[in-house]
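The values are calculated or read from the model by the stated rules, or taken from the named source; none is laboratory data. Everything numeric here is computed off the predicted structure, so don't read it as measured data. Here the Cβ positions follow ideal geometry from the backbone for every residue, glycine too, while neighbour counts run over all protein chains shown.
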Amino acid sequence: MDFAALTSLVIFLPLLGALALLALPSAESIKWTALGTTVLTFVASIGLFMGYDPSVSTADMPQMAHVVGGWFPEGVDVKYFVGIDGLNILLVLLTTLLGPIVVLSSWYYIEHSHKGYYALLLLLQTGVTGVFMAFDLVLFYVFFELTLIPMYFIIGIWGGEDRIYAAIKFVLYTLVGSLLMLAGVLFLGYAAGSAQGIGFTTDWYNLIDYTIPLGTQTWLFFVFALAFAIKVPLFPLHTWLPDAHVQAPTGGSVILAGVLLKMGTYGLLRFCLPFFPNAAQSAAVLIAVLAVIGIIYGALLARVQPDAKKLVAYSSVSHLGFVVLGIFAFTTEAMQGAVIQMINHGISTGALFLLVGMLYERRHTRLMEDYGGLASSVPVLTTFMILSVLASAGLPGLNGFVGEFMILLGSFKSTVLDSPMLIALATSGVILAAVYLLHMVYNTFFGELTHTENAEMTDMTMREFVLMAPLAILMLVMGFYPQPFLNQTQPTTDFLLETIEAKHIAAIEAEQEATASATHSPAGHVEDVESAPAPLFESMPTALRTAAPSSPASSSPTR
Amino acid sequence: MDLSGAFTAMWADLPAIFSMLIVGAAGLVVILMEAFQNRDPRIPWLTAGAFGLAMGWEAFQLGTAPDTAFFEQLRTGGYAAYINLLILGAGLFTTLVSPPYLRRLNRNFGEVYALLLFATVGMIMLGTSNTLISVFVGLETMSVCLYIMAGLLREDEGGIESGFKYFVLGAFSTGFLLYGIALMYGTTGTMHLPEMAGAFPDGVPLLFWAGVGLVIVGFGFKVSAAPFHMWTPDVYQGAPTTLTGYMSTASKASAFAALILILFFALPSAQASLVLAVLALITMAVGNVMALRQANVKRMLAYSSIAHAGYMFVALASGTTAGYSGALFYLLVYTVMNLGAFGVLALLEWDGMAGRKQTLSSLAGMGLERPVLGASMAVFMFSLIGFPPFGGFIGKYYIFAPAVSAGLTWLVIIGLLFSAMSGYYYLRVIYVLYMQTAADVAEADRAPEGGFAQPAWLSTAAVALCAVLLLVLGVAFSGVVDVTEMLFIQADAMAQTP
């Protein structure tokens, strides 16, 4: 069976569905087509999951790789290159699983312009799966930016009252980061390409083979990390997130929290760490401190929100702080924990946004003071809410616990961070999470039923039950028996850590050699110095510069 | 000089200027037709036909080897065909969207089309010139036609301002250009661009660089690079919108093409790089910062076109063949984006003053009311920001990648930050189109009842075609890039085998 095409199928099936939607007349047919497409994509991604074999090494090639050249002209090694490894398999599955759930959750929530909404939703899914599966930096960038366009429209057209402010803020924040990253991509592509004699390359495997000099690493790491930190979002770059979340329609919030934010943490793991190991380790403490500030600050802000949706939004800031902390601990446990926590957060926060959205659909308010005592009128919804809240707060036996525990354990052992105090502070975030989440549950579902209109609130419908059930099951399964999921990711995280370690040493050795040769015999090693990519602001020799404008001058025939 | 074979040689060279002949002849016929019947409805069709015929001819020349014609006055072959296709395509598009728009303004004169055709002849000459003489003749032919087109609305104060300002400043800039040409000729003793670079075996005199500087200033006016951009917003605002679109694309394309030819062939070294980098920096800054606060769409697009000239100067500053061919590719993408954007504005015009008073808010809700025009406009705006998968992204790649490889990473970072800034004003257009309705905007900004004309299907199709083309250029562009690179590769090969 040709698995290669399956990866591309999972990416582009939603796009085909989106194009098909444009030709459909009625809202009903549009909804069903969107649902059918996303379900079909999910089934196809199950095929990816079955086909992925963690015991097969992905050190030279991702599994089920699909490579198509000829996109850029010859001499530029930029290609369509997608595949699966331990880092992205679960994220792809999460994305395709959330697809039908989001379509179902929007069934009645979206009241106008169905065609545009569902087409954009499907386009967004293509972008996100593409981001996770791309093994070429330029291709990654294309998908990364492609996700902005549909999200801009989804927030801006179907969002709440301040939707335009939120939509523009969302796009501009991301755009500043990603365009700076583009400068880094171009520089890195030339540096690696000229070092390997192929002009320009953005193939992930070529790039991790290339050891970047220490001075260059610092600024490259900075521009890449900035782009991803905005997306995560890391404190203090998080201010776009509450606006975007609160204004977005439920479906948009679920995608945003569930998978879009993961593009940032995934980018850190996939690109920042293995490309710039030295700079990443030097910056680890700084970023870990920002992550811990994010954990606590996000939690404290969540505690004081009167708006349930805003509360969940701030809880994302807090939870993703854990993921970033785990990424920059540079230990196996913490990194695996970070990967698992990305999935967990997608499931539990996605569920919370769905449930808050259901309440909003019934009462058209998100303020907690307008609720209270709902447990008696909507017992099923309450049960799901409590389950999701406990999973999000990290109760042992549910999924949230596994990830957070591994991250904290790994961070304590981390020699790079080497700061038990910091991790102890981070641990307080777990307690704070219980405080603000239980506070929300108490105010909304328990206590006295103060508003009479809440008494007749309808409980979950069949549609809502169907869309919540898979998430609830996953919370339990991943909480009780996380081993199968960890097995999927372990080989790749091990490979990444080995690469990081090896490149870390190689870069330091290269630096020492350069200084040693510079002091001892400057004449003998001139070639070495020249073949290394020049630092920023200086002219860089490349293969593409063969035909400088001076050449016609020197050789043109004189008449 | 032996002139006995001159006539036969020129006769044999005639196919090389087939486009100029066809387009020029069509211009003369249009004037005759207008003399016999005022506003002859066949004139736009004839014009479009001439453009289409010339484009068909040029399309077949794309693969041919570079050569020169008319005693090395003009360049021919693949490169020339590429530039000519670009210019002719802009002319064809303008002809397709103009008639309904000009009819509404009561300006659908045959002379407009004649001017369009004559301007195109000048542009083709400028963009394919191989000597400074043909640069000057082409530039002036183009400019004189454009001055008249800018002032077409002669009863409207904005139209008068537009025409007058363009004429005075344009004439002034021509002086700079001419002086620069004189200095370059004076120091090298030749008008032929490829011979200039080899004219100084022992050191380049300062006077030559002074000449190059003046030529760059002269072209700076024409392509509206800051600080020579002052005329741009007023002229673009006052001129009829479809013709603004033509001015901002075709004339820029041919001027940039000529500048690239001068930089590539005539300069002995890449020493102009720093000057061009500074010019790029100032132009990007002025264009993007000023565009932020414009309430009038045409003015916003005018400043945006300044900003895009800045991006193209980044590629020129890299001083490599990759940079020059990147700029040529960007010219194509830029032409498609801007023509489309101005085309949409022209089709939605309602104030009877060429959209001079039309604010951004007047487009509120248009995205859903006119789905094809709205979606096309959204594509143009996203592409102007540089979003994939549209041509704008690939264009930016080919602009900035050569600059990085030439060591101008600092300039690229600044350029990309300005692109992020441009996101603000382009996204504003999209949000007005899709996220507002006429009810959200002030009374003065609302179109009168039935104010928006139902656009002609042919004009709408032309705009939609631009949007589709941008998508194609964003995905399947490698053939086009090959064409833009061919000029320089083959030029090198020719130089090496004399």
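Brief remarks on what is shown
- In the set B:VAL472, B:VAL463, B:VAL483, only one residue is modelled with pLDDT of 90 or more and surrounded by fewer than 21 Cβ atoms within 10 Å (Cβ to Cβ); that residue is B:VAL472.
Yes/no matrix, rows are residues, columns are (1) acidic (Asp, Glu); (2) more than 20 Å from A:THR7 (Cβ to Cβ); (3) within 14 Å of another protein chain (Cβ to nearest Cβ):
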residue: A:GLY75; (1), (2), (3): no, yes, yes
residue: A:VAL78; (1), (2), (3): no, no, yes
residue: A:ASN88; (1), (2), (3): no, no, no
residue: A:SER105; (1), (2), (3): no, yes, no
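- The conditions of being over 18 Å from B:SER173 (Cα atoms), hydroxyl-bearing (Ser, Thr, Tyr) and either part of a helix (DSSP H, G or I) or away from chain A (no Cβ under 14 Å) (or both) are met by B:TYR246.
- From B:SER224, B:SER251, residue being of a type in the set (Ser, Thr, Tyr) and not in a helix (DSSP H, G or I): B:SER224
- Considering the conditions (1) charged (D, E, K, R); (2) out of contact with any Gly (no Cβ under 6 Å at 6 or more places or on another chain); (3) at negative phi, A:ASP418 is excluded by exactly one of them, (3).
- Per this entry, A:TRP158 is not counted among residues that are in contact (Cβ under 8 Å) with a residue 24 or more places away in the chain, farther than 26 Å from B:ILE399 by Cα and surrounded by fewer than 24 Cβ atoms within 10 Å (Cβ to Cβ).
Conditions tested, residue by residue: (1) touching a residue at least 40 places away in the same chain (Cβ under 8 Å); (2) of a type in the set (S, T, N, Q).
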{"site": "B:PHE118", "(1), (2)": "yes, no"}
{"site": "B:VAL144", "(1), (2)": "no, no"}
{"site": "B:ARG154", "(1), (2)": "no, no"}
{"site": "B:LYS165", "(1), (2)": "yes, no"}
{"site": "B:THR190", "(1), (2)": "no, yes"}
{"site": "B:ALA197", "(1), (2)": "yes, no"}
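- Checked against the criterion of being of a type outside the set (Ser, Thr, Tyr), farther than 26 Å from B:PHE265 by Cβ and at pLDDT 90 or above, the candidates B:PHE51, B:PHE7 yield just one match: B:PHE51.
- Residue match in segment A:519-536 (condition: more than 14 Å from chain B (Cβ to nearest Cβ) and modelled with pLDDT of 80 or more): no
- Condition check for A:GLN483: polar (S, T, N, Q), in contact (Cβ under 8 Å) with a residue 40 or more places away in the chain and out of contact with any Ser or Thr (no Cβ under 9 Å at 6 or more places or on another chain): no
- Filter result for A:LEU220 (free of Cβ contacts under 8 Å to residues at least 24 places away in the same chain, over 26 Å from A:LEU123 (Cβ atoms), within 14 Å of chain B (Cβ to nearest Cβ) and crowded, with 22+ Cβ neighbours inside 10 Å): no
- Residue match in segment A:301-308 (condition: surrounded by 24 or more Cβ atoms within 10 Å (Cβ to Cβ) and among the basic types (Lys, Arg)): no
- Number of positions in segment B:20-55 that are in contact with an Asp or Glu (Cβ under 6 Å, 6 or more places away or on another chain) and under 16 Å from B:ALA90 (Cβ atoms): 0
- Options B:GLY340, B:GLY310: the member that is crowded, with 24+ Cβ neighbours inside 10 Å and over 28 Å from B:MET366 (Cβ atoms): B:GLY310
- Failed criterion for B:ALA302 (all others in (1) touching a Leu at 6+ places or on another chain (Cβ under 8 Å); (2) crowded, with 21+ Cβ neighbours inside 10 Å hold): (1)
- Qualifying positions in segment B:253-290 - more than 14 Å from chain A (Cβ to nearest Cβ) and crowded, with 24+ Cβ neighbours inside 10 Å: B:ALA253, B:SER254, B:ALA255, B:PHE256, B:ALA257, B:ALA258, B:LEU279, B:ALA280, B:THR283, B:GLY287
- Matching entry among A:LEU122, A:LEU175, A:LEU104, A:LEU139 (being farther than 20 Å from B:LEU417 by Cβ and either under 16 Å from the mean Cα position of the chain (by Cα) or free of Cβ contacts under 8 Å to residues at least 12 places away in the same chain (or both)): A:LEU139
- Every residue from segment B:374-431 that is basic (Lys, Arg) and either more than 21 Å from the chain's Cα centre (by Cα) or more than 23 Å from A:LEU139 (Cβ to Cβ) (or both): B:ARG428
- In segment A:129-147, of all residues being touching a strand residue (DSSP E or B) at 6+ places or on another chain (Cβ under 9 Å) and not in a helix (DSSP H, G or I), the one that is nearest to A:MET181 (Cα to Cα) corresponds to A:ASP136.
- Filter result for B:TYR79 (at pLDDT below 90 and closer than 13 Å to B:SER254 by Cα): yes
- Verdict on A:PHE384 being free of Cβ contacts under 8 Å to residues at least 24 places away in the same chain and either surrounded by fewer than 22 Cβ atoms within 10 Å (Cβ to Cβ) or part of a helix (DSSP H, G or I) (or both): no
- Matching helices (runs of 4 or more DSSP H) fully within segment A:201-294 where at least 2 residues are of a type outside the set (Ser, Thr, Tyr), over 18 Å from the mean Cα position of the chain (by Cα) and over 16 Å from A:ILE327 (Cα atoms): A:204-208, A:214-231, A:240-247
- Evaluated against (1) surrounded by fewer than 23 Cβ atoms within 10 Å (Cβ to Cβ); (2) touching a helix residue (DSSP H, G or I) at 6+ places or on another chain (Cβ under 7 Å), A:PRO236 falls short on exactly one condition, (2).
- Residue in segment A:434-443 that is assigned to a helix (DSSP H, G or I) and modelled with pLDDT under 85 present: yes
- Scanning segment A:207-214 turns up no residue that is within 9 Å of another protein chain (Cβ to nearest Cβ) and either surrounded by fewer than 22 Cβ atoms within 10 Å (Cβ to Cβ) or among the small types (Gly, Ala, Ser) (or both).
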